Amino acid sequence: MLNHKLLYNKLLYNKLLHSALLLGTFTLVCIGFVATVHQITQPLINKNSYNYLLKRLEELVPADLVDNDIVNDILDSIAIDSNAKKWLGKSSNRIYRGRKQGKPVAAIINTFIPHGYGGPIQLLVAVQHDGILRGVRVLSHKETPGLGDRIEETKSPWILSFTGKSLQNPPRQSWQVQKDGGEFDQLTGATITSRVMIRAIRDTLIFAEHYKSDIYR
């Protein structure tokens, strides 16, 4: 009886060991497959990400205006001021710098708006060396479709109205919606979104002016 029990336990042990070895082998094969696929596809993913970002940056600073690799000529705002959140919505923001023959042309500042009407909004704000806006683009947002989402240039020309503006044109106290006594139109039905956008763009200009020597070096 005891021998039969020992034999049964041994067979059960061998079966469990065999199953564990199969499972372990299968897991290793899967890990190897995933690692191989990652190794093959990662360069393509990186290239596509690079090309997408370059396209967005070149919408604001065309390729013929610069001769450097603007995607990789990066400065982090936290390296300039640990309290950059005061102007840019958070402390760490990428600043892409465009140059021509070594001379600064423009900086494209990644600006974060923590509290839009529907949630956070991320912008690219391009500021020339002379403090004039080359333009603004929305990277991401959660604003209401048909109302606040008209901050996208594909849905409304509203955001294009900032091109050519500066802290002198209009004066910084006039960087408000007309409803608040400022000089900018608000998006109909999206006054809150318009307010936070105008404020964020103005504050980015202030940041660029305040730290001009650090950004355009």
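Here, each number is a calculation from the coordinates, and none is a lab measurement. If you're wondering where the values come from, they're calculated on a predicted model, not measured in any experiment. No Cβ is skipped: glycine too gets one built from the backbone with ideal geometry, and neighbour counts run over all protein chains shown.
Overview of values
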item	result
Residue exposure sequence - Thr191, Thr204 - by fewest surrounding Cβ within 10 Å	Thr191, Thr204
Fewest-first sequence of Arg137, Arg150 by Cβ atoms within 10 Å of each Cβ	Arg137, Arg150
³J(HN,Hα) computed for each position of segment 183-191 - Karplus, 6.51 cos²θ - 1.76 cosθ + 1.60, integer Hz, glycine/proline x	10, 10, 5, 9, 5, 4, x, 9, 5
Per principal axis, descending, Cα span of segment 64-215 in whole Å	45, 30, 28
Paramagnetic reach from Asp81 (point 7 Å along Cα→Cβ, amide N under 19 Å) across segment 114-131	114-115, 123-131
Residue order, fewest to most beta carbons within 10 Å, for Leu54, Leu187, Leu205	Leu54, Leu187, Leu205
Highest average packing first - 106-112, 195-201, Cβ atoms within 10 Å	106-112, 195-201
Simple Cβ-charge dipole of segment 64-215, Lys/Arg +1 and Asp/Glu -1, about Cα centre, in debye nearest 20	220 debye
Charge sum, other residues only, whose C-beta stays under 10 Å from Ser156's C-beta, Lys/Arg counted +1 and Asp/Glu -1	-1
Greater than 24 Å apart at Cα, pairs in Lys90/Lys212; Lys85/Lys212; Lys100/Lys212; Lys86/Lys155; Lys90/Lys155	Lys86/Lys155; Lys90/Lys155
